[in-house]
Structure formats: C-alpha cells, structure tokens
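Peer 1: Handing you a structure now.
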Amino acid sequence: MSAILDNFWSLLALKILLITGVMMTVSLVIIFAELKISAHMQSRVGPYFAGGRYGWAQPLADGLKFIQKEDLVPADADRPVFKFAPMVVLAGTLAVFVIVPFSPDLVVRNLDLGVFYALAAGSIGTVGVLMAGWSSANKYSLMGGLRAAAQLIAYELPLVLAVVGVVIQAGTMSMVGIVEAQAAPVFHLGDTAISLPYIFQGQFIGFIIFMIAALAELNRTPFDMPIAESELVMGYLTEYSGIRFTMFFLGEYAGIFAMSAIASTLFLGGYYFPGLDSATFGPLVLMGKVGLLVFLIIWLRWTLPRLREDQLQSFAWKWLIPLALVNIAVTATFKVVF
Amino acid sequence: MTTADRQTLSMHHSEVQVSVELQTPDMTLNLGPQHPSTHGVLRLVARVDGEVIKELEPVVGYMHRGYEKLAEVRTYPQITALVNRIDWVSGFANEIPFMVATERLMDIEVPERAQYIRLILTEMARISNHLVFLSSLPLELGAATPLMHALRERERVLDLIEGVTGGRFHPNFNRIGGVKPAAAAGATQKKVVQDLPQGFVEQTKSAMEYVREVCADMVNLVLGNEIFMQRTKGVGVIPADKALAFGVSGPNLRASGVPFDLRKTDDYLPYSNFDFDVVTGSNGDCFDRYAVRLEEVVQASRIVDQAVSEIPAGDLQAKVPRIIKVPKGEIYVRAENPKGEMGYYIVSEGGRGPYRLKIRTASFSNLSVLSWLLKGQLVPDLIAILGSLDFVLGDVDR
Amino acid sequence: MSPSELAARIAGAVGSDHFSSDNGTAKVHIAADRWVDAHRTLSAEMPYFSWLSAIDWATEVVVGDAPESEDIEPRYEVLSCLGSVETGESVVLSTAVSKDDPSLDSLAEVYGGANWHEREAAEMFGIDFVGHPNLTGIYLPDSFEGHPLQKSFALLSREVKPWPGTVDVEPMPDEEGPSTENPEDAG
C-alpha cells in the first residue's frame with residue numbers, strides 16, 4: 001500500500017481513478033436530485049418504482065438502458081469528429097476536478113495556478129460542442145452548435161472577471177490558498193476569531209455574476225438555447241444516441257458539480273467551516289455547500305423560461321461584463337486602501 | 001409529394017462560398033410536420049438567413065378529414081357526433097353553433113334549462129382550452145412548471161364535464177332541441193331520465209375557486225416573469241386592420257385591441273343574463289394574447305358561477321319529431337368558440353341531411369396570417385408566435 | 001338593425017336588387033362581374049372577412065340526396081361572409097358562376113384573408129380565381145385528381161358499400177326500445 005502511495009506515478013493513477021469514480025457517482029446523484037426536486041416543484045412524485053420506494057435506481061437504470069443501445073452514426077456525418085466530440089467535452093469537465101480541494105490534503109494536485117487552470121480546462125468543452133454541431137450533418141445541429149459556441153464565448157468573460165476579484169482579495173491563485181485566506185480571521189468578537197467567506201467579505205456581486213455565467217457555461221435554463229428542446233429538437237445533441245449521448249449527459253451534470261465546487265471554494269469558503277477540523281470534516285462541508293448551489297441551479301431551471309440568443313448576448317456584454325469590471329476596480333481599491 | 005419535399009437537409013462543406021463579404025447561402029429550414037412544438041402536423045417551410053426568416057409558407061392539410069363532404073351523407077343527429085372532433089381541445093363548444101343553426105331552421109324553441117346547461121358546458125370547455133394554452137406557451141419558451149399546475153386544475157373541470165356528459169373531450173351531449181334527456185333504454189335496461197349529477201352546483205363552485213387560484217399563480221409565475229416578458233412583448237404584433245382583413249377572431253383579435261366578442265353581439269345562448277367583461281389587449285403581441293386568455297379564464301369562471309346558481313327547472317329537450325327533417329332554407333350561425341369564431345352555413349333542401357354544410361373554423365383564418373406575420377422575424381420568435389396563436393390542426397384542416 | 005333592413009341596405013350599397021333575410025341571415029346576390037367592386041365598396045364598413053366558399057347546385061348528385069326544389073339551375077354559387085365589428089352584423093354575399101367556365105375574380109387584393117379561402121374553394125370545386133397570387137392546393141396531396149366537393153365526385157367508400165340507412169339507437173323521451181329505419185320506409 002505504502003509503495004503505491006510513495007511512487008508518484010501510481011499515486012497519480014490512483015487519484016485519477018478515484019476522481020473519475022467520484023465524478024460518475026456525483027453525476028448520477030445530481031441527476032436523481034434533479035428528477036426528484038423538479039417533480040416536487042411541479043406537484044408530481046418523480047421516479048417511484050426503480051429500486052424500491054424512492055426510485056433511487058432510476059439514473060442507473062437509464063444509464064444501463066443507454067449503454068445497450070445501437071450505435072448510430074448518421075450517414076453524412078464526419079465520423080472521426082462525430083465520435084471524438086463527446087470525449088472532448090467530458091475530458092474538459094474531468095480536467096477541472098484536478099484542482100477541487102476536498103480538504104487541505106485531499107486534492108489531486110494543488111496547482112499554484114489553480115483558478116487559472118480551472119477556467120482554462122473548463123472552456124475546452126466549447127470546442128467539443130462545436131465539433132458535435134458541425135459533424136452531425138444536420139441543420140438543426142449546426143444552428144445549435146453555433147448558438148452554443150457564441151454563448152460559451154460570450155460568458156467566459158464574466159466568469160473570469162468575477163473570479164479576478166476573489167484572486168485579488170486572496171492574493172493567490174491556488175485553490176487551497178484561497179480557502180485558507182477565507183479561513184483567516186477577519187475580526188475578533190471577544191475571544192473568538194470570526195472569519196467570513198468571501199461572499200460576505202464583499203464579493204457578493206462577484207458571486208452573482210459567477211453563478212449566472214456558470215449557468216450559461218453549463219447550457220442550463222435560462223441559457224439553454226443551444227439545446228432548446230422545443231425549437232431545435234435537441235440542438236447540437238440531436239444526432240447523438242446511446243453511449244455518446246450518455247457521455248454528454250454525464251458531462252453536463254459533472255460540470256454542474258464542478259462549477260458549484262469552484263463557486264463554493266472561491267466564494268463560500270470551501271472545505272472550511274468555523275469550529276470544524278478541516279482535515280476530517282472538509283469533504284462533508286464542501287459537499288454541503290456544493291449541494292446548496294446545485295439545488296439553486298436546479299431550482300432556477302424549472303422556474304424560468306429561456307432567454308433568446310440575442311437577449312442572452314446583450315445581457316452578457318452590456319450588463320455582466322461592465323459590472324464585473326466595476327467589481328474588480330472596487331475590490332482592488334479596497335485591497336490597497338485597507 | 002412536391003419537389004420541395006425532396007430537398008435534402010444536409011449541407012456539404014463545399015457549398016459554402018467564402019468571398020470577400022463572406023456570403024453564406026440562405027438555408028431552407030423545414031419545420032415539421034413532426035416537431036415538438038407545432039401543435040399537430042403543421043409543416044412550415046422557411047427560408048432562413050442566419051436566424052432571420054426571409055420567407056415562410058405554412059403547408060397544411062395533413063389532417064384533412066373531409067368533414068364537409070362527410071356531412072352530405074349524414075343525417076343531422078349523426079353530424080353532431082362528427083362535429084365535436086373538429087377542435088378537439090374544446091370539444092363541447094363545436095357542436096353549439098350547429099345545433100342552434102338546425103334548431104333555427106326547424107323553428108324549434110330550446111327549453112331554458114337545456115340552454116343554461118349548454119352555456120355552462122361551453123364555458124367549461126373554454127376554461128379547459130385556455131388552460132391548455134396557458135401552460136403550453138411557457139413550455140415552449142422553456143418554463144416547464146406552469147404546465148403541471150394548469151393541467152392539474154384542468155382535471156377538475158374535465159371531471160365536472162365528465163360527470164354531466166360522460167365524456168371528457170367528445171361528449172356528444174347535444175341533441176337537436178336541447179341536451180341529452182335520458183339514458184339506457186332497451187331490452188335489458190330501464191330508461192332513466194338523466195339530469196345533472198348530485199352535488200354538481202357545489203363541486204362546480206369549488207372547482208372555479210381552484211381555477212381562479214391557478215390563474216392568480218400564473219400572473220405571478222408567468223406574466224410577471226422578466227424573461228417571459230422579454231420573449232413575448234413586442235413579438236409578433238398583429239395590427240387590428242390586418243387582423244380583421246385576414247379573419248383573425250377570438251382572443252387573438254381582442255388582443256389586437258378590437259373589443260369584438262360574439263357572446264355579446266349574437267344571441268345563440270343566453271349570455272345576456274350574465275355579467276362578464278370583454279377582455280381586450282392593447283398591442284397585439286404575444287404577451288397580450290397570453291394575458292387576454294388568462295383574464296378570459298377568470299371571466300368564464302364568473303359566468304359559470306352565476307349560471308350554475310340559477311339553472312332553471314324544466315325539460316332537457318324540446319319535442320322534436322322522430323325523424324329530423326329540416327325544411328328548405330339557408331342559415332349562417334356563428335359562435336364564440338374558445339379559439340375564435342366558429343360558424344356553420346347550412347344549406348338545407350328538405351332532406352334528412354344537409355345539402356351543403358360549410359364549416360367556418362377559427363384556426364384556419366388565424367393561421368392564414370402567418371406568412372405575412374413571420375417575414376423578418378427570428379427563429380426563436382417563430383416558436384413564441386406559433387404558441388401564442390393557439391390553433392389546433394383539426395380546426396385548421398377539418 | 002334587423003337582418004332584413006341590413007340586407008336591404010347592403011343591397012342598395014352595392015347596387016343589387018336580389019336580397020333576402022330568411023332565417024335571420026342577410027344574404028345579398030351580386031352579379032359575377034361586380035363581385036370585386038362590391039367587396040371593395042363594403043370593405044370600409046365591413047372590414048372583417050369571415051369566410052369564402054361555394055355551393056355546387058346540381059340536379060343529379062352521386063353522393064347524398066338530390067335537391068328537392070324544382071327550379072335548380074346547375075351552377076356554382078360562391079359565397080363570402082363579411083362582418084362589422086362595431087355593430088356585430090354579418091352579411092353573406094353570393095354570386096353565380098357557370099359550370100362550363102368556372103372563373104371569378106379574386107378577392108385577395110381587397111381582403112388578405114381571401115387568399116387561403118379561395119385556394120380551398122378552387123381545390124374543392126375547381127373554380128379558377130383570376131388574379132390570385134398563388135392558386136395551389138391547400139388541403140389535398142399533389143397527386144390527388146378531381147375536385148371533391150362537387151356533387152359529381154363519388155365517395156369511394158359509398159361505392160363499395162351503399163348507405164346503410166338511418167339507425168336510431170336512442171329512443172325519444174317518451175318511447176322505448178331501439179328501432180331501425182330504412183330510407184325507403186320513411187318516405
């Protein structure tokens with residue numbers, strides 16, 4: 001055992017396997033949560049039969065169903081690109097998990113450029129979406145892919161700018177470093193040192209901008225024009241079926257987890273909770289915060305209609321980016337002055 | 001099928017020409033006949049440049065069942081069963097103008113009780129129809145939850161209709177001279193005079209309470225939603241004069257600002273005994289069409305409340321001969337159906353069936369405005385506009 | 001305004017003296033060559049275009065019963081219905097088109113809604129509307145032959161199996177038992 005843990009390469013392999021397993025499980029859990037939460041919001045019951053009373057095996061059953069389906073590639077499609085596109089999307093999401101800190105030690109690799117790496121890896125998915133839309137040889141898919149690419153590019157900027165404020169305030173780009181910076185006491189109430197997560201330390205606007213931009217990056221309603229089901233069938237996903245569709249699907253839900261994890265680390269304090277030991281309770285604390293944000297994302301999907309493409313773009317360029325820039329300026333001023 | 005049908009949808013990369021100004025060819029987008037958001041088998045052939053529609057032509061007729069020809073080989077009572085399948089969402093209301101036309105030609109006076117029951121069921125059909133519309137437009141725009149809430153309340157109304165007539169959508173409850181008076185007579189079963197079920201009045205009143213509650217929810221959840229407003233305000237404006245020239249009727253016409261309601265102008269049912277408002281919009285855009293129908297549900301529930309409290313006693317059907325033979329004559333009767341104006345022009349030559357029956361349906365005229373309306377609109381707006389016109393293909397194609 | 005007054009007034013406005021208001025429906029007959037002019041005159045006070053269709057008057061019919069009137073002159077009677085929104089009145093205008101050369105001027109310029117209705121009438125009856133921008137079929141498949149609503153157009157199902165007669169299953173309120181009726185017995 002220690003031999004594996006000592007050797008760098010075997011440890012890395014173990015971590016990668018672990019994180020892949022975590023990602024798959026987490027995706028299934030979030031899918032189930034979405035089915036149940038949306039059902040109760042709509043006065044329905046949701047999955048009921050699969051796996052006993054609560055229908056918890058529904059996502060598993062769906063996954064197994066998809067895996068045994070026929071592998072369809074449209075005749076006119078560009079075969080290599082078509083087959084490779086879902087892997088690109090999945091790889092991009094998986095890469096983000098590398099820097100998510102579950103506790104000060106439980107992180108695949110605590111890069112010094114953690115935040116930068118996360119944002120860069122997260123945008124690999126855009127290329128995959130374009131590949132999917134183009135290679136499907138279907139006008140609907142093409143339109144969906146182009147819409148998705150435009151949307152993803154437009155919302156990268158607010159995402160990055162919102163994070164810059166946190167980086168300025170923390171003084172470091174490493175994810176563990178940012179959590180430690182939030183754990184540092186802000187003021188003292190008698191004997192106890194009070195520390196606040198960044199959302200309360202002045203990054204509230206940044207948090208809002210980040211969540212909105214994250215919704216757009218994940219192609220979730222109100223920003224799900226690219227897969228607007230009632231308009232373009234499934235947009236860039238129209239021609240995908242079976243395992244390839246499952247890969248996109250899992251990638252989307254893993255992305256929800258990844259974005260929520262980044263948001264909780266940057267804005268909500270990550271694995272730190274005042275009074276609890278980070279090393280032992282860290283993962284639980286982080287999961288709790290991630291769960292809150294995931295619930296918020298699911299809630300928004302089932303409440304709001306979707307924005308039209310041009311409204312989406314004007315919202316990003318005319319509102320979010322100027323707001324994010326103002327946020328940076330204010331944060332920088334405060335950092336220097338105080 | 002025409003050559004247009006055989007156009008393939010794939011676009012080979014060699015077809016795109018890159019010149020100095022990057023000309024991209026117009027794309028012919030074929031929506032339908034099977035499509036998640038068109039209300040039935042409607043095909044739209046659109047020439048699209050990016051996201052802007054340059055030209056659009058609706059192709060209808062996939063559901064043409066030949067009602068007018070069929071009516072020539074049916075007797076009048078048999079046509080009643082045919083006719084409520086034209087607009088299948090508001091089943092009961094389709095029969096009313098036909099019944100009234102036949103009764104006027106035969107000079108039959110319908111008992112008051114039957115008229116009140118007809119009116120109550122028509123208004124319930126209106127509520128049911130509008131609730132479907134109120135839930136499907138937000139669904140097409142992306143909000144999935146109002147669908148569930150509206151359909152839940154619609155179940156109450158459908159249960160009421162089923163309690164009275166035995167059918168939810170195609171009741172076949174009207175008879176020439178009134179409504180169905182009796183049930184089950186024959187070799188094994190005794191004939192029973194069938195009147196309204198017990199407890200009908202209380203159940204109706206409580207159902208109307210629930211309906212009004214869900215309308216109040218919709219006002220907050222949908223009408224007040226910023227994104228919904230952005231998607232529908234100013235989209236698909238039909239000016240009043242164009243609406244009249246194309247024959248647009250019903251809530252679509254009222255949303256364009258024309259306060260025209262056949263329930264107030266024609267006396268095919270005793271609407272003059274009840275107090276209700278004619279709901280109009282101001283701009284004629286998708287938002288107004290939604291708001292008008294939302295308010296119409298509330299008004300319809302008011303009518304039902306008033307009518308159900310004062311149903312007079314009496315017969316359910318007038319005395320009519322065993323074989324219905326309508327004297328010679330021609331008549332046109334129109335009614336305010338949930339989707340618009342529905343009318344029947346009956347040409348009778350004294351036989352047991354009509355010589356010619358012309359059915360004027362609301363959705364046919366409502367849809368004809370589409371090729372004028374959609375020039376220059378965006379593709380996502382197309383979905384919002386189609387959803388806001390509230391048509392059903394059975395009504396368009398007959 | 002009562003239907004008879006309405007019919008008289010409209011007839012005066014379009015210069016016709018053939019009008020009626022039986023059964024509460026105001027109907028005005030117009031000569032075929034004055035069809036479009038009459039509509040143009042009325043378009044100001046009756047801007048609502050309800051529908052346009054036709055009736056095939058024929059003495060010999062293949063489907064249904066032949067008309068009982070003695071003096072039927074075989075022709076197509078084209079009907080259009082206009083309405084006013086202020087007063088809520090509606091009037092039916094009619095004109096006669098001969099069967100040998102069934103053509104009529106199109107109303108598509110005057111009322112936009114006439115476009116689709118004329119396409120349907122052309123398809124169902126074979127009437128040619130002169131000046132219509134796009135007189136193609138609207139309901140039937142392109143390979144369909146014939147004009148279905150003509151009285152000479154047979155219904156295939158009735159060729160195979162003739163009309164079974166009226167079958168009353170539900171008795172009248174004061175009678176018992178089902179009964180069947182043959183068209184010959186009823187007389």
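The values are calculated or read from the model by the stated rules, or taken from the named source; none is laboratory data. Because the structure is predicted, anything quoted here is derived from the model rather than measured. Neighbour counts are summed over all protein chains in view; Cβ atoms, including those assigned to glycine, are modelled from backbone coordinates with ideal geometry.
Peer 1: Answer yes or no as to whether B:Val110 is more than 29 Å from B:Val326 (Cβ to Cβ), more than 14 Å from chain A (Cβ to nearest Cβ) and not hydroxyl-bearing (Ser, Thr, Tyr).
Peer 2: In short, no.
Peer 1: Something else now. So B:Ser301 ticks every box in (1) within 14 Å of another protein chain (Cβ to nearest Cβ); (2) in contact (Cβ under 8 Å) with a residue 60 or more places away in the chain; (3) under 20 Å from B:Arg212 (Cβ atoms) but one. Which box is left unticked?
Peer 2: Only one criterion is unmet by B:Ser301, namely (1).
Peer 1: Determine if region A:103-126 includes at least one residue that is over 30 Å from A:Leu11 (Cβ atoms) and either surrounded by 23 or more Cβ atoms within 10 Å (Cβ to Cβ) or under 18 Å from the mean Cα position of the chain (by Cα) (or both).
Peer 2: yes
Peer 1: Quick one: in region B:230-254, of everything that is away from chain C (no Cβ under 14 Å) and surrounded by 14 or more Cβ atoms within 10 Å (Cβ to Cβ), which residue is farthest from the chain's Cα centre (by Cα)?
Peer 2: Just the residues of region B:230-254 that are away from chain C (no Cβ under 14 Å), to begin with: B:230-237, B:251.
After this cut, where a residue has to be surrounded by 14 or more Cβ atoms within 10 Å (Cβ to Cβ) as well, the list is B:230-232, B:235-237, B:251.
On the way: B:Gln230: 26, B:Arg231: 24, B:Thr232: 21, B:Val235: 22, B:Gly236: 20, B:Val237: 21, B:Pro251: 10 Å.
This residue is B:Gln230.
Peer 1: Provide a single number: the residues in region B:58-75 that are in a helix (DSSP H, G or I), within 16 Å of C:Pro67 (Cα to Cα) and of a type outside the set (D, E, K, R).
Peer 2: Matching residues across region B:58-75 total 1.
Peer 1: If we keep just the residues of region C:110-149 that are touching a helix residue (DSSP H, G or I) at 6+ places or on another chain (Cβ under 8 Å) and more than 10 Å from chain B (Cβ to nearest Cβ), which is surrounded by the most Cβ atoms within 10 Å (Cβ to Cβ)?
Peer 2: Of everything passing the filter in region C:110-149, C:Phe129 is surrounded by the most Cβ atoms within 10 Å (Cβ to Cβ).
Peer 1: Here's something else I'd like to know. Mind listing whichever residues of region B:367-398 are of a type in the set (Gly, Ala, Ser), buried (at least 23 other Cβ atoms within 10 Å of the Cβ) and farther than 23 Å from B:Asn94 by Cα?
Peer 2: Scanning region B:367-398 gives a single hit, B:Ala384.
Peer 1: Another question, then. Sort out which residues of region B:308-327 are more than 14 Å from every other protein chain (Cβ to nearest Cβ), hydrophobic (A, V, I, L, M, F, W, C) and either surrounded by fewer than 21 Cβ atoms within 10 Å (Cβ to Cβ) or under 20 Å from B:Val219 (Cβ atoms) (or both), and write them in order of number.
Peer 2: Result: B:Ile311, B:Ala313.
Peer 1: Looking at region A:134-174, which of its residues are polar (S, T, N, Q) and more than 23 Å from A:Leu215 (Cβ to Cβ)?
Peer 2: A:Ser135, A:Ser136, A:Asn138, A:Gln169, A:Thr172, A:Ser174
Peer 1: Something else now. Looking only at region B:375-392, how many residues end up being assigned to a helix (DSSP H, G or I) and either at pLDDT below 85 or within 14 Å of chain A (Cβ to nearest Cβ) (or both)? Lay out the reasoning, then the answer.
Peer 2: Going residue by residue through region B:375-392, those that are assigned to a helix (DSSP H, G or I) are B:379-389.
Right, trim to either at pLDDT below 85 or within 14 Å of chain A (Cβ to nearest Cβ) (or both) and you get B:379-388.
Residues in region B:375-392 being assigned to a helix (DSSP H, G or I) and either at pLDDT below 85 or within 14 Å of chain A (Cβ to nearest Cβ) (or both): 10 in total.
Peer 1: Does C:Arg75 satisfy being in contact with a helix residue (DSSP H, G or I) (Cβ under 8 Å, 6 or more places away or on another chain), of a type in the set (D, E, K, R) and free of Cβ contacts under 8 Å to residues at least 40 places away in the same chain?
Peer 2: Judged against the criteria, C:Arg75 is not a match.
Peer 1: Then there's this: Out of all the residues in region B:114-135, is one or more more than 19 Å from the chain's Cα centre (by Cα) and in a loop (DSSP other than H, G, I, E, B)?
Peer 2: no
Peer 1: Okay, moving on. B:Glu330 versus (1) surrounded by fewer than 18 Cβ atoms within 10 Å (Cβ to Cβ); (2) at pLDDT 90 or above: which is the lone unmet condition?
Peer 2: Tallying (1) surrounded by fewer than 18 Cβ atoms within 10 Å (Cβ to Cβ); (2) at pLDDT 90 or above, B:Glu330 fails exactly one: (1).
Peer 1: Restricting the search to region C:150-163, which residues are in a helix (DSSP H, G or I), away from chain B (no Cβ under 11 Å) and surrounded by 10 or more Cβ atoms within 10 Å (Cβ to Cβ)?
Peer 2: If the condition is that a residue be in a helix (DSSP H, G or I), away from chain B (no Cβ under 11 Å) and surrounded by 10 or more Cβ atoms within 10 Å (Cβ to Cβ), then C:Glu159 is the only one that fits.
Peer 1: Name the single residue, out of those in region B:187-201 being more than 11 Å from B:Leu160 (Cα to Cα) and surrounded by fewer than 13 Cβ atoms within 10 Å (Cβ to Cβ), that is modelled with the highest pLDDT.
Peer 2: Start the filter on region B:187-201 by keeping residues that are more than 11 Å from B:Leu160 (Cα to Cα), which leaves B:187-195, B:198.
Pick out the ones that are also surrounded by fewer than 13 Cβ atoms within 10 Å (Cβ to Cβ) and you get B:187-190, B:192-193, B:198.
Numbers: B:Ala187: 70, B:Thr188: 74, B:Gln189: 75, B:Lys190: 76, B:Val192: 74, B:Val193: 74, B:Gln198: 84.
Filtering first and then ranking leaves B:Gln198.
Peer 1: From B:Ala187, B:Ala150, grab the single residue that is farther than 30 Å from B:Glu112 by Cα and either polar (S, T, N, Q) or in a loop (DSSP other than H, G, I, E, B) (or both).
Peer 2: B:Ala187
Peer 1: On the given criteria, is B:Gly234 on the phi > 0 side of the Ramachandran plot and not basic (Lys, Arg)?
Peer 2: yes
Peer 1: Working carefully through the options A:Leu304, A:Leu292, A:Leu266, A:Leu276, find the one that is at pLDDT 90 or above and not acidic (Asp, Glu).
Peer 2: None of the others qualify; the one that does is A:Leu292.
Peer 1: Can you tell me which residue within region A:29-60, out of those that are more than 14 Å from chain B (Cβ to nearest Cβ), free of Cβ contacts under 8 Å to residues at least 60 places away in the same chain and in a helix (DSSP H, G or I), is surrounded by the most Cβ atoms within 10 Å (Cβ to Cβ)?
Peer 2: It comes out as A:Pro59.
Peer 1: Collect the residues in region B:281-310 that are assigned to a helix (DSSP H, G or I) and within 11 Å of B:Gly234 (Cα to Cα), keeping them in residue-number order.
Peer 2: Answer for region B:281-310, where residues must be assigned to a helix (DSSP H, G or I) and within 11 Å of B:Gly234 (Cα to Cα): B:Cys286, B:Phe287, B:Asp288.
Peer 1: Please enumerate the residues belonging to region C:33-57 that are among the charged types (D, E, K, R), more than 9 Å from chain B (Cβ to nearest Cβ) and farther than 17 Å from C:Glu86 by Cβ.
Peer 2: Residues satisfying the conditions are C:Asp33, C:Arg34, C:Asp37, C:Arg40.
Peer 1: Something else now. Show the residue pairs that are 6+ apart or on different chains and have beta-carbon atoms under 6 Å apart, the first residue being within region A:285-305 and without any contact (Cβ under 8 Å) to a residue 60 or more places away in the chain, the second being outside any helix (DSSP H, G or I).
Peer 2: A:Val285/A:Tyr271; A:Val285/A:Phe273; A:Lys289/A:Leu268
Peer 1: Of all residues in region A:132-163, how many are within 14 Å of chain B (Cβ to nearest Cβ) and over 20 Å from B:Val52 (Cβ atoms)?
Peer 2: 5
Peer 1: Considering (1) in contact (Cβ under 8 Å) with a residue 24 or more places away in the chain; (2) under 20 Å from A:Thr20 (Cα atoms); (3) aliphatic (A, V, I, L, M), say which one A:Leu268 fails and leave the rest.
Peer 2: Looking at each condition in turn, A:Leu268 falls short on (2).
Peer 1: When the residues of region A:282-305 are filtered to those that are within 14 Å of chain B (Cβ to nearest Cβ) and in a helix (DSSP H, G or I), which remaining residue is nearest to A:Phe32 (Cα to Cα)?
Peer 2: For region A:282-305, the residue satisfying everything is A:Ile298.
Peer 1: Quick test of your reading of the structure: B:Asp395 fulfils all but one of (1) outside any helix (DSSP H, G or I); (2) in contact with an Asp or Glu (Cβ under 7 Å, 6 or more places away or on another chain); (3) more than 11 Å from chain C (Cβ to nearest Cβ). Name the failing condition by number.
Peer 2: Tallying (1) outside any helix (DSSP H, G or I); (2) in contact with an Asp or Glu (Cβ under 7 Å, 6 or more places away or on another chain); (3) more than 11 Å from chain C (Cβ to nearest Cβ), B:Asp395 fails exactly one: (1).
Peer 1: Since C:Ile72 meets every condition but one in (1) crowded, with 16+ Cβ neighbours inside 10 Å; (2) more than 20 Å from C:Met1 (Cα to Cα), which condition does it not meet?
Peer 2: Status for C:Ile72: all satisfied but (1).
Peer 1: Something else: Give me the residue from region B:353-363 that is more than 7 Å from chain C (Cβ to nearest Cβ) and of a type outside the set (Gly, Ala, Ser) and, out of that set, farthest from B:Val279 (Cα to Cα).
Peer 2: Residues of region B:353-363 that are more than 7 Å from chain C (Cβ to nearest Cβ), as a first pass: B:354, B:357, B:359, B:361-363.
Remaining after also requiring of a type outside the set (Gly, Ala, Ser): B:354, B:357, B:359, B:361.
Numbers: B:Pro354: 36, B:Leu357: 32, B:Ile359: 26, B:Thr361: 21 Å.
Residue satisfying both the conditions and the ranking: B:Pro354.
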